[in-house]
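Participant: Take this structure, written in structure tokens, and hold onto it; I'll ask about it next.
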Amino acid sequence: MTELPPRSRPPFTADERTQLVGWLDMQRAIIHFKCENLSEEDAHRAVLPDSPLMTMAGLVSHLRWVEHMWFEALFLGHPPRNPGLEDEDADMKVDGIPLPRLLDEYRQQCATSNEIVARHSLDDVGRHPDFTSSAASLRWMLLHMIEETARHAGHADAIRELLDGAKSYY
């Protein structure tokens, strides 16, 4: 099993790559933290009346596929496997999939993403011929993933509090 990154900020004076990956890793770790000690029932329970797919399990699945899409598909040019390409919400439809499995798949995908980032220049651009977003630099993709993951970490804060009253920052 891949070890989780710490829930701590990167060093104040670290180089750019260390800071970008460090901030992203911290947000990824917060997602795992928000799922700690969550029952399987609660992991799959929607708490927002107009968003029935917005569950903790659905968020984890979505983030896994977002990592795959940006780093493996758009950046490296691999064929996308994201179920959300056929059905916009498919990556959030996770009934019957246990939360520990989803968290492990997310952890593995993040490790793959970090390996990709480590092997390339931040100035390199994506290679997928079918998506205009692949024209972005790796730096831009990392910044976007920090934004995406942090946004969903905020969702996880609210969902967790609505599920069982648990409140914490990180």
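The values are calculated or read from the model by the stated rules, or taken from the named source; none is laboratory data. All values derive from a computational prediction rather than experimental measurement. Cβ placement follows ideal geometry from the backbone for every residue including glycine, while neighbour counts extend to all protein chains displayed. All accessible areas refer to the heavy atoms of the entire protein, side chains included, with ligands and DNA or RNA removed. Shrake-Rupley method; radii C 1.70, N 1.55, O 1.52, S 1.80 Å.
Participant: Leaving ligands, DNA and RNA out of it, report the carbon-plus-sulfur percent of the accessible area of the chain at a 1.4 Å probe.
Facilitator: Carbon with sulfur: 52 percent of the solvent-accessible area.
Participant: For segment 116-148, which trypsin sites (Lys or Arg not before Pro) are both in a DSSP coil and crowded by at most 15 other Cβ atoms within 10 Å?
Facilitator: Of the trypsin sites (Lys or Arg not before Pro), the ones in loops of segment 116-148 whose Cβ has at most 15 other Cβ atoms within 10 Å are Arg119, Arg127.
Participant: Okay, next question. Could you tell me which of rounded, prolate or oblate describes segment 23-74, using a ≥ b ≥ c as the square roots of the eigenvalues of the alpha-carbon gyration tensor, with rounded for a/c under 1.5 and, failing that, prolate when a/b is larger than b/c and oblate otherwise?
Facilitator: oblate
Participant: List the trypsin sites (Lys or Arg not before Pro) within segment 35-88 that fall in a DSSP loop (any state other than H, G, I, E or B) and whose Cβ has at most 13 other Cβ atoms within 10 Å.
Facilitator: Details: sites: Arg45, Arg64, Arg81; in loops: Arg45, Arg81.
Here the sparse-neighbourhood loop sites are Arg81.
Participant: Given +1 on the Cβ of Lys and Arg, -1 on the Cβ of Asp and Glu, and no further charges, what dipole in debye does the chain carry about its Cα centre, rounded to the nearest 20?
Facilitator: That gives a dipole near 460 debye.
Participant: Rounded if a/c is under 1.5, else prolate if a/b beats b/c, else oblate: with a ≥ b ≥ c from the C-alpha gyration tensor eigenvalues square-rooted, which is the chain? Could you put the intermediate results ahead of the total?
Facilitator: Values: a/c = 2.08, a/b = 1.33, b/c = 1.56.
The shape class here is oblate.
Participant: Okay, next question. Classify segment 82-144 from the C-alpha gyration tensor, please: rounded if a/c falls under 1.5, else prolate or oblate depending on whether a/b exceeds b/c.
Facilitator: Details: a/c = 3.30, a/b = 1.53, b/c = 2.16.
Cα axes put segment 82-144 in the oblate bin.
Participant: Within a Cβ distance under 13 Å of Arg160, other residues only, what is the Lys/Arg minus Asp/Glu net charge?
Facilitator: -2
Participant: How much net charge surrounds Trp140 when only the other residues with a Cβ under 11 Å from the Cβ of Trp140 are counted, with Lys and Arg +1 and Asp and Glu -1? Walk me through the numbers before you get to the answer.
Facilitator: Working: positive: Arg139; negative: Asp123, Asp124, Glu147.
Net of charged neighbours comes to -2.
Participant: Roughly how far apart, in whole Å, are the Cα centres of segment 25-50 and segment 80-153?
Facilitator: Taking the Cα centre of each part, segment 25-50 and segment 80-153 sit 18 Å apart.
Participant: Return the calculated 222 nm mean residue ellipticity for the chain, to the nearest 500 deg cm²/dmol, obtained by summing -39500 (n - 2.57) across DSSP H runs with n ≥ 4 and dividing by the residue count.
Facilitator: Counting only the DSSP helices, I get -16500 deg cm²/dmol.
Participant: Kindly report the accessible area of the chain per residue (heavy atoms of protein chains, probe 1.4 Å, no ligands, DNA or RNA), in Å².
Facilitator: 52 Å²
Participant: While we're here: Below 15 angstrom from the Cβ of Asp95, what's the summed charge of the other residues (Lys, Arg +1; Asp, Glu -1)?
Facilitator: Numbers: positive: Arg45, Lys93, Arg101; negative: Glu40, Glu41, Asp42, Asp87, Asp89, Asp91.
Here the count lands on -3.
Participant: Going 7 Å from the Cα of Ser137 in the Cα-to-Cβ direction, what parts of segment 11-26 have a backbone nitrogen less than 16 Å from that spot?
Facilitator: Under cut-off, by backbone N: 15-21.
Participant: Now a separate question. Which GluC sites (Glu not before Pro) in segment 36-83 pass both tests, a DSSP loop state and at most 12 other beta-carbon atoms within 10 Å?
Facilitator: Passing sites in segment 36-83 are Glu36.
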